[in-house]
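See below for the structure under consideration.
No value in this document is a laboratory result; all are computed from the given coordinates. Every value quoted in this text rests on a predicted model; they were computed, and no experiment measured them. So basically every Cβ, Gly included, is an ideal-geometry build from the backbone, and we count neighbours across all protein chains shown.
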Amino acid sequence: MDWTLDSFFPEFRGEEMRAFDAEMRRKLEHAIELEANIPPFDAESGMAAWEELIVLLEAVMARFSHLSTYFGCLSAADANEEAYRAEKAALARPHAEFVSLRTRLGNRLLGLSDEDFKKLSESERLSRAGFVLQSIRERARHRMSMEEESLAAELSVDGLGAWSRLYQSLAGTLEFEMEFPDGRTEELPISQCRSLMTNPDRRIRSAAFAGGNRAWSRAAESTRAALNGISGTRLTLYRRRGIDDFLDPALLDGHLSRATLDALFAALEAERSAAREILRYKAERMGEPGIAWYDLEAPIHVKGRPEGEGASLTWDRAVELVSRAFHRVYPSLGDFFDEMVERKWIDWSQRPGKLPGGFCATSRFHGESRIFMTFNDCAHDLMTLAHEAGHAWHSRVLAGERPFAQEYPMTLAESASTFAELIVVQGLVDDEDVDPWTRFSLVEESLLRYSAFLLDIPVRFLFESELYRRRAGGELSVGDLNELMIATQREVLGDTLIEGGENPLFWASKGHFYIDGVSFYNYPYTFGFLLSEALMQRWSEKGDAFLKDYEDFLLCSATCSSEEAARRALGADLESVEFWKGTMGGLPRTLSQVRCLVERLES
């Protein structure tokens, strides 16, 4: 591994790790006992016990976050190591007990009068925990009996959690046969498949796509079972809890209203033809009538594009460029990024056994983050590095807050990460010390981000929505899932997608569909991308004084709704279709900029 996890524990399964785990479990048992014997709420004498329970719950959450981050990092970096997977699985049981305890607290909070709840949530000892407490209380409105909720939490270990762990095990050990254009054949971990589909050579992209889908076909029955198991379990629980709309839990997780989500997707549909122009231009540059799914993340074909610098980046060069951009535009972020690199908080190298994808994980116990990714010498991965660094910065800004005031939603998390991407582009695009091809690659990545967030992500959201509608009537077969995925890709990409260019197994290869802790792990990316565009627009209007507003935005991300956070930072109404349309104004400008740069580079 490239990163060091010694600040978590000096030794895996060592004395410190065991003692920390035991203390977390002891605190959890104490909290369970305290909740069972909590006295009636009394603002004069009984409130102290309620405050103690909530503070103790936060302490358990912080310790659980520390262990979960540690085991998650280990098992992602080396998915073949059974001991890592075993420790991660063993954490599922206390987590179920924690979820059950949090649910019981929600029921108790719901039982308080509005006046008493206000007194409790606004008490000095619970300062800045009120929004999360309100959320916990709100969730309690749609709960089964406590006996049923406790059973559901216990069964989640061998239900939702087991299906998710099965998928992670498959994804971490799956390999595919890559047939290179020169006739060479190599067995590669599936984590490298997506990166190969960003290669400038279309033959390599096509071969990686074909090889990857052959591998996923072999795992299709297992992934089908997992996807049906996860979605079916959720629908059963929603029905028993009186939740009529399968989107409601995702909206609660995102701290936003249905009106905001509807406005976002109404704007996306209205601007879909503009987003498709990116794909038309890409096809035009390839000399093709349209694009295939494996062309979505590919660079634009430019004559004379070098194979070396600008088209291929070393890790050291990518780190240098990200640091340079951050320091030039947002010095505090630059200093923090340098600290992450120096302290070895990033796992980036290619090797067998790594899980595909990337993430930033943060311990709420000691506030440190770790970035996981696989770097494949391209501008796309440079932007991934910037993206994950944006997440880490968000956590750093919140590091001094209480645990409940660090519990921000994915919608605002993805705003911070994509904002960091925009900073990198702004910091390097007019830097004369950076070669023209690298600068072009970054502007190009900005354009490709539009196609990803305005087309690819809606495919995932619409597919998952239809999956839940159909799953209510019974299990879906591999053929059903393939047909649904093809139809959704056709709906969104339209005639820019060539006949036969679909990816019917995208439902199997996209790990986001198999996360047990949250559904609809897709729309927040588009939400965050477009909100970050609005944040950048405001920065350009207000100047560097806006950075203070931005950090205030990050600070309030866990203590108010997404709508309120946007209102404070931008004065914006997220329930307005026109607001979201306005965030897409950079698309035609960026496409025009790319066209001009291509003409200049080819002249």
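Measuring nothing but how far apart in sequence close Cα pairs (under 8 Å, 6+ apart) lie, relative to its length, region 264-367 scores a relative contact order of 11 percent.
The residues packed around M178, meaning those with a beta-carbon under 10 Å from its beta-carbon, carry a net charge of -4 if Lys and Arg are +1 and Asp and Glu are -1. Here the mean projected area of the convex hull built on the C-alpha positions of region 74-177 is 9.1 nm². Only helical runs count toward this figure. For the chain, summing -39,500 (n - 2.57) over DSSP H runs of n ≥ 4 and dividing by all residues gives -20500 deg cm²/dmol at 222 nm. Shape verdict for region 364-517, please, from the Cα gyration tensor: rounded (a/c under 1.5), prolate (a/b greater than b/c) or oblate. The shape class here is oblate.
What's the local net charge at F513, with K and R +1, D and E -1, over the other residues with C-beta under 13 Å away? In short, +2. When the Kirkwood radius is taken over all Cα pairs of the chain, what Stokes-Einstein diffusion coefficient follows at 25 °C and 0.890 mPa s, in µm²/s? Result for D is 97 µm²/s.
The coefficient of translational diffusion for region 150-205, derived via Stokes-Einstein from the alpha carbon Kirkwood radius under 20 °C and 1.002 mPa s, stands at 156 µm²/s. Annotation: region 15-158 has a Kirkwood hydrodynamic radius of 16.4 angstrom, from the mean reciprocal C-alpha pair distance.
Distance between the pseudo-spin-label points of S332 and R214 (7 Å out from Cα toward the beta carbon): 5.2 nm.
Length available on full extension from T185 to H366: 0.36 nm per residue minus the Cα-Cα distance, which gives 60.6 nm. Computed from the C-beta positions of R125 and E466 and an R0 of 51 Å, the FRET efficiency is 0.65 to the nearest 0.05. Spin-label model, R567 to E44: label points 7 Å out along the Cα-to-beta-carbon direction sit 3.7 nm apart.
How charged is the neighbourhood of Y167? Take every other residue with its Cβ under 12 Å from the Cβ of Y167, and add Lys/Arg as +1 and Asp/Glu as -1. After counting each charged neighbour, the total is +2. Spin-label pair D552-V518: with each label point 7 Å from Cα along the Cα-Cβ axis, the two points sit 2.6 nm from one another.
Within the chain, the whole DSSP H helices whose Cα atoms reach 27 Å or more along their own axis and whose mean Kyte-Doolittle score is at least -1.0 are 15-36, 47-77, 92-111, 220-241, 379-398, 410-428, 523-542. Straight-line reach from K282: which lysines have a Cα under 30 Å away, not including same-chain ones fewer than 8 places off? Straight-distance partners of K282: K303, K510, K581. Under 5 Å from the amide H of F176 lie the amide H atoms of L188, I190, each residue being 5 or more positions distant or on a separate chain, with H modelled from the backbone and absent for Pro and chain starts. Size descriptors for region 175-218 (Cα atoms only): Rg and Dmax, in that order, 9.2, 28 Å. Packing here is the average count of other Cβ atoms within 10 Å per residue, and on that basis the peptides 268-278, 522-532, highest first, run 522-532, 268-278.
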